[in-house]
1. With closer than 22 Å to Ile160 by Cβ and surrounded by fewer than 14 Cβ atoms within 10 Å (Cβ to Cβ) as the only criterion, which of Gly116, Gly88, Gly70 stands out?
2. Select from the range 193-209 the residues that are in contact with a helix residue (DSSP H, G or I) (Cβ under 9 Å, 6 or more places away or on another chain) and open to solvent by 50 Å² or more (accessible area, probe 1.4 Å) and write down the one among them that is farthest from ligand 1 (Cβ to nearest atom).
3. Across the range 147-156, what is the number of residues that are open to solvent by 40 Å² or more (accessible area, probe 1.4 Å) and part of a helix (DSSP H, G or I)?
4. Of the residues that sit in the range 309-335 and are of a type in the set (D, E, K, R) and assigned to a helix (DSSP H, G or I), which one is farthest from Gly267 (Cα to Cα)?
5. Do any helices (runs of 4 or more DSSP H) lying entirely in the range 5-87 carry at least 1 residues that are within 15 Å of ligand 1 (Cβ to nearest atom), in contact with a Pro (Cβ under 7 Å, 6 or more places away or on another chain) and in contact (Cβ under 8 Å) with a residue 12 or more places away in the chain, and which ones are they?
6. Out of (1) more than 27 Å from Val22 (Cα to Cα); (2) out of contact with any Cys (no Cβ under 8 Å at 6 or more places or on another chain); (3) modelled with pLDDT of 95 or more; (4) not β-branched (Val, Ile, Thr), the odd one out for Gly220 is which?
7. For Asn101, are the conditions met, namely being open to solvent by 30 Å² or more (accessible area, probe 1.4 Å), of a type in the set (S, T, N, Q) and within 13 Å of ligand 1 (Cβ to nearest atom)?
8. Residues that are farther than 24 Å from Gly265 by Cα, open to solvent by less than 60 Å² (accessible area, probe 1.4 Å) and of a type in the set (Val, Ile, Thr): does the range 9-20 have at least one?
Amino acid sequence: MKKILITGGAGYIGSHTAVELVNAGFEPIVLDDLSNSDSKVLNRLEEIVGKKIPFYQGDCNDLAVLDQIGKDHQLSGVIHFAAFKAVGESTQFPLDYYRNNIGSLVVLLEFMQKRGIKDLVFSSSCTVYGQPDQLPVTEDTPRKDAESPYGNTKKVCEDILVDFVKSKPDIRVISLRYFNPIGAHPSGKIGELPIGTPNNLVPFVTQTAAGIREKLTVFGNDYDTSDGSCVRDFIHVMDLADAHVKALSFLSKQNTDYYEVFNVGTGNGNTVLEVIETFQKVNGIKLNYQIGPRRPGDVVKIWADTQKINQVLGWYPKFSLEDSLRDSWNWQKNL
Ligand code: NAD
Ligand code: UD1
């Protein structure tokens, strides 16, 4: 059984990916410093997969921790989720973001090269496209200047990977550019756990439906879109998790010193108001919402061209927006 290190594996996307890795016959090893997650996630993960998942609580910037994992386990690959991800916070504490998000990648690459670990999947983001000039965005759509230090860390990490692979380090790397992950494991045992007031749309929707927040504000309804609200490509987190499994399987068949980026989205754009309507319809709930001013820095519309990942990795999404919003609500109710 191939052992895969998942940095940030107690987090939202990492925990769902751990499930899909087990389902595909891999053995995940989780490293997480729990800076944005809870150790209880590990117990719930183990309930879902019915087996123990090795867990190391530690910082991915710490080579000694990685070395210990490398000694304990013969790793064949790494999925690097560990990062800080709050856009607003990154403008207040840019150095924390540069140190954690960029530093951890550099340390991890040194560790992989030292140990001869060949395969890496890196968490990038559609944020690298900024406000795109053409839609849908393909992987060749030019990247734009980042709107935030967080966004810049993803751009810089992609650049580091390009430079590193060019130096022929004998490794294979895929960067997955995620669009907007939503939803939760259909069991309702794991899902997104935002700390404090959520910034992202769907956690705000579910917390409003649960009565934790009084009212959802739609940030603008006067954009040049079908109903005036912004457009995003919302992808179920289990589909996103599956893309990591497909990426790892594909990498193991490539020659080393391989690097490619792939969009991971559904290929469909939905407006914020469509998300609200769909949430109300599938869950039979009336949401308290109001239209508010535009959020500074928001991208007006973006969705993915997914031909590359469809054709090269053979990955297709299986879940609909309805499924995602049902699973998000199921998770919130279980909380
Ligand atoms: P998350 O915060 O739920 O998970 C990240 C995990 O990494 C957390 O459990 C946190 O405790 C851990 N972590 C952070 N720094 C660490 C370090 N130095 N050492 C060890 N663990 C550390 O976030 P997520 O939504 O699961 O995102 C995972 C990755 O995907 C991140 O790199 C994020 O930037 C990227 N991404 C997320 C989204 C999104 O909308 N959720 C979109 C695009 C890209
Ligand atoms: C945001 C980040 C992006 C990051 C992504 C995943 C910004 C500008 N972008 O993307 O870099 O990769 O999160 O973490 O912050 N909305 C409301 N009301 C709300 C919350 C959101 O109307 O209470 C709207 C937003 O205006 C936006 C859409 O919902 O149009 C999606 O917002 P969000 O979930 O924050 O994701 P992104 O803006 O796509």
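1. Values: Gly88 fails: closer than 22 Å to Ile160 by Cβ; Gly70 fails: surrounded by fewer than 14 Cβ atoms within 10 Å (Cβ to Cβ).
After ruling out the rest, the residue left standing is Gly116.
2. Our first condition is that a residue be in contact with a helix residue (DSSP H, G or I) (Cβ under 9 Å, 6 or more places away or on another chain); within the range 193-209, this holds for 193-194, 197-199, 201-203, 205-207, 209.
Remaining after also requiring open to solvent by 50 Å² or more (accessible area, probe 1.4 Å): 193, 197, 199.
Values: Leu193: 7, Thr197: 15, Asn199: 10 Å.
Among those residues, the one meeting the criterion is Thr197.
3. Residues of the range 147-156 that are open to solvent by 40 Å² or more (accessible area, probe 1.4 Å), as a first pass: 147, 152, 156.
The next check asks that each one be part of a helix (DSSP H, G or I); those that pass are 152, 156.
Qualifying residue count for the region: 2.
4. Filtering the range 309-335 for residues of a type in the set (D, E, K, R) gives 318, 322-323, 326-327, 333.
The next check asks that each one be assigned to a helix (DSSP H, G or I); those that pass are 322-323, 326-327, 333.
Values: Glu322: 15, Asp323: 16, Arg326: 20, Asp327: 20, Lys333: 29 Å.
Per the criteria, the residue is Lys333.
5. Numbers: elements: 12-23, 40-49, 63-72.
Here the list reads 12-23.
6. So Gly220 meets the others, but not (2).
7. Values: open to solvent by 30 Å² or more (accessible area, probe 1.4 Å): no; of a type in the set (S, T, N, Q): yes; within 13 Å of ligand 1 (Cβ to nearest atom): yes.
Taking the combined requirement at face value, the residue does not satisfy it.
8. So in the range 9-20, the residues farther than 24 Å from Gly265 by Cα come out as none.
For the range 9-20, residues farther than 24 Å from Gly265 by Cα, open to solvent by less than 60 Å² (accessible area, probe 1.4 Å) and of a type in the set (Val, Ile, Thr): absent.
The values are calculated or read from the model by the stated rules, or taken from the named source; none is laboratory data. In this text the structure is predicted, and so the values were computed from the model without any measurement. Here Cβ is always computed from backbone atoms with ideal geometry, including for glycine, and neighbour counts include all displayed protein chains. Side chains are part of the model used for accessible areas, which takes the heavy atoms of the whole protein and leaves out ligands, DNA and RNA. Shrake-Rupley method; radii C 1.70, N 1.55, O 1.52, S 1.80 Å.
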